[in-house]
Amino acid sequence: MLAVVYIAERTYSAPRKWMRGKGRVTIQFGCCYNYSMDSNGNPPGILQNEPVDPIPHLFKVIIRRLVRWHVLPSTCVPDSCIVNIYDEGDCIPPHIDNHDFVRPFCTVSFLSECNIVFGTKLKVDRPGEFSGAIAIPLPMGSVLVFNGKGADVAKHCVPAVHSKRISITFRKMDESKWPIGFAPELDLQGLERLPYEGERSKRLTLSKSNWPVNRQGVRREDSTDKGRGLLETPPEPRFVGRARPGPPNRQRVRLDFDN
């Protein structure tokens, strides 16, 4: 059986490739973003009258993990994303992401590794090739978070890639820039970060301290209690990863096996 899937007109875009480094395929979810002034006179930014498809379920799974695993803060849950599909030789020219999107945002890389170049002044060496202050590798499966001066002061670009690559950039829209008719995804609301191991232990300790105490179960220590394990002598402390403490007059000796 052949399944036919209909998508909004501006969800998928495959510009005509007329020179090296031009025309990567893009798929936008949540909102339609205009990179530059278009033929209708719309300035760069979110187009409020151009509907696109909502975020797919699989991408929501990624968003939940980005928040729960402390990659993005729970105050900045993405509600839009753009998929960039690169063929060999495709690139992204120098730019700063529009402030219709709040900070931080992030990019996840797939299929192959490439570099992203940052700098306040990026040089175009030749079509599709750029140089700047610093180049950061983006391995497969890596996540790069943009925030602070790296998102607002320095420009960034992706020089022409050497093999097929896919990246997904997850961003949260400024609420004042929401497209007409946009409604937040209910299953992305109220996401919280998972506690670190130390925080989890601390919460468990605090919760135990609030447990009721059975005073009748506390008895004076005697030989019988020791045998029953009710008030056993605590074991000798263990020192992991460092030397055991010794008498105060003990000297430390350094052994040199090179001589």
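The values are calculated or read from the model by the stated rules, or taken from the named source; none is laboratory data. The model shown is predicted, which means the values in this text are computed figures rather than measured ones. A quick note on method: Cβ atoms are made from the backbone with ideal geometry, for glycine too, and the neighbour counts reach across all protein chains shown.
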Among residues of the range 98-126, those that are out of contact with any Leu (no Cβ under 9 Å at 6 or more places or on another chain), within 24 Å of residue 27 (Cβ to Cβ) and surrounded by fewer than 18 Cβ atoms within 10 Å (Cβ to Cβ), counted:
7
Can you give me the number of residues within the range 127-157 that are closer than 15 Å to residue 106 by Cβ, exposed (fewer than 14 other Cβ atoms within 10 Å of the Cβ) and among the β-branched types (Val, Ile, Thr)?
1
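Matching residues to (1) under 24 Å from residue 70 (Cβ atoms); (2) among the basic types (Lys, Arg); (3) at pLDDT below 95; (4) in contact with a helix residue (DSSP H, G or I) (Cβ under 8 Å, 6 or more places away or on another chain):
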| residue | (1), (2), (3), (4) |
| --- | --- |
| 137 | yes, no, no, no |
| 144 | yes, no, no, no |
| 154 | yes, no, no, no |
| 168 | yes, no, no, yes |
| 173 | yes, no, no, no |
| 176 | no, no, no, no |
Residues (among the hydrophobic types (A, V, I, L, M, F, W, C), surrounded by 15 or more Cβ atoms within 10 Å (Cβ to Cβ) and part of a loop (DSSP other than H, G, I, E, B)) located in the range 176-190:
178, 182
Is it fair to say residue 160 is modelled with pLDDT under 95 and either surrounded by 17 or more Cβ atoms within 10 Å (Cβ to Cβ) or in contact with an Asp or Glu (Cβ under 9 Å, 6 or more places away or on another chain) (or both)?
yes
May I ask you to verify whether residue 55 is touching a helix residue (DSSP H, G or I) at 6+ places or on another chain (Cβ under 8 Å) and farther than 26 Å from residue 136 by Cα?
yes
Residue pairs meeting the criteria (Cβ under 8 Å; at least 6 apart or on separate chains; first more than 29 Å from residue 161 (Cα to Cα), in the range 69-86; second β-branched (Val, Ile, Thr) and surrounded by 20 or more Cβ atoms within 10 Å (Cβ to Cβ))
73/67; 74/67; 77/63; 77/67
